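Student: The structure under discussion is supplied below as structure tokens; questions concerning it will follow.
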Amino acid sequence: MVSEIEALNDRFRVAVIQLTDRAEVLGDFDASKEDLLKALRGLEPSSARGNYVSAFLRASVMLEAGGKCERQIRFFTDNQANQWRTDDRLRPFLK
């Protein structure tokens, strides 16, 4: 993820959400590339398991507020199958 962000030119805006036991924004779209890279390099390995749904919802809110530019979400993950469980109280988003 660090190398991918390092390779981006300045016309791209990046936000980073870390998912451990909860979804936490490490840097929003207004963060500088240097601040994002510093946050990523400072991450410690974790075995905490949060729910992917919370990370997707957090990212969705950030993208909706992002204006009319092209936007995308990229998740770097170990694809734990149990992270996709949800309940009936949340709006559907995986189609």
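The values are calculated or read from the model by the stated rules, or taken from the named source; none is laboratory data. What you see is a predicted model, and the numbers here were worked out from it, not measured in a lab. Neighbour counts are summed over all protein chains in view; Cβ atoms, including those assigned to glycine, are modelled from backbone coordinates with ideal geometry. When the accessible area is computed, the model is the full protein with side chains, heavy atoms only, and any ligands, DNA or RNA have been set aside. Shrake-Rupley method; radii C 1.70, N 1.55, O 1.52, S 1.80 Å.
Student: Given a 1.4 Å probe and heavy atoms of the protein chains only, how would you sort Val16, Val61, largest accessible area at the top?
Tutor: From most accessible down to least: Val61, Val16.
Student: OK, next. Estimate the FRET efficiency between Ala65 and Asp21 by the formula 1/(1 + (r/R0)^6), using the beta-carbon distance for r and 25 Å for R0, to the nearest 0.05.
Tutor: 0.50
Student: At a 10 angstrom cut-off on C-beta neighbours, averaged per residue, how do the peptides 31-42, 46-57 rank from highest to lowest?
Tutor: By packing density, highest mean first, the sequence is 46-57, 31-42.
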